[in-house]
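Beneath this line is the structure, given in structure tokens, with notes to follow.
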Amino acid sequence: MEVAANENPENLAVSANHDAEQQYNHSVSDLSNHVRGIESHQFSVEEVICTLETSASTGRFWQDWKKLKNILSYYLKQILSEYPEAKMTMDQQFTSLGETFQVLVKRLDDAIRSFDEGPPFTLQRLCEILLSARSIYPRLTKLTLALEKNLLVASMLTIYADGCPPSTEQISNGAPTDSAENGVEHTEEDKDEIMTEVEEAEVNEDMTIDMESNEEETFKSSEAANPTRATDL
């Protein structure tokens, strides 16, 4: 009895991969639509940037946490979608990231949304990273590590109710930061310990990037100095 062409195991495997790829592409499209939907129905890009710049400058927040959480979620997805890995195939993403882009985005977004009563104590650094992500972290893997380390904290901030958010002019001139007035639920000793760990982790990441760059430059210099050896290799 002959097996129909569409029942051939190889054809079935190709069809399954095609279906998986299509489903993944739909998921990426849904992510883009989700980002645009939040922007059009809840807040403008200007409001998002101003909100993040205010928290990055002062270490405080004035909005309802639910709204701020949506702002962080929106901008996080926006920044991640700008990296080349977002447009790679599933196999390429596994090779580059060790997981699909969709899974990575969901994992980071879930980490932000896991804070129920207020943003993480590292909100200020988190906003700084998001605002300067592409210039500080050219690789998505490095950005992911930095975000994870700033989200793996237990302490949370409470809304700053005494006073109004600084104006755009005040932010550009450098508004003062006083996290103690922001209702931080931990001691100064805890604060110093947490921030020291985060800063040391980021310094180590920068050192790793520099070492990788130096190794690449050394290899290129070696090739230039020994063209015959490079050809033999």
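Return the pair list, or none, for Cβ contacts closer than 6 Å from residues in region 92-116 that are without any contact (Cβ under 8 Å) to a residue 24 or more places away in the chain and crowded, with 17+ Cβ neighbours inside 10 Å to residues that are aromatic (Phe, Trp, Tyr) and part of a helix (DSSP H, G or I), at least 6 apart or on different chains.
Cβ pairs passing all conditions: 93/101.
Within region 49-158, which helices (runs of 4 or more DSSP H) (wholly inside it) include 2 or more residues that are small (Gly, Ala, Ser)?
133-136
FYI, it's all coordinate maths here, none of it is from the lab. For clarity, every value in this text was computed on a predicted model and none was experimentally measured. Cβ coordinates were reconstructed from backbone atoms using ideal geometry, including for glycine residues, and neighbour counts include every protein chain displayed.
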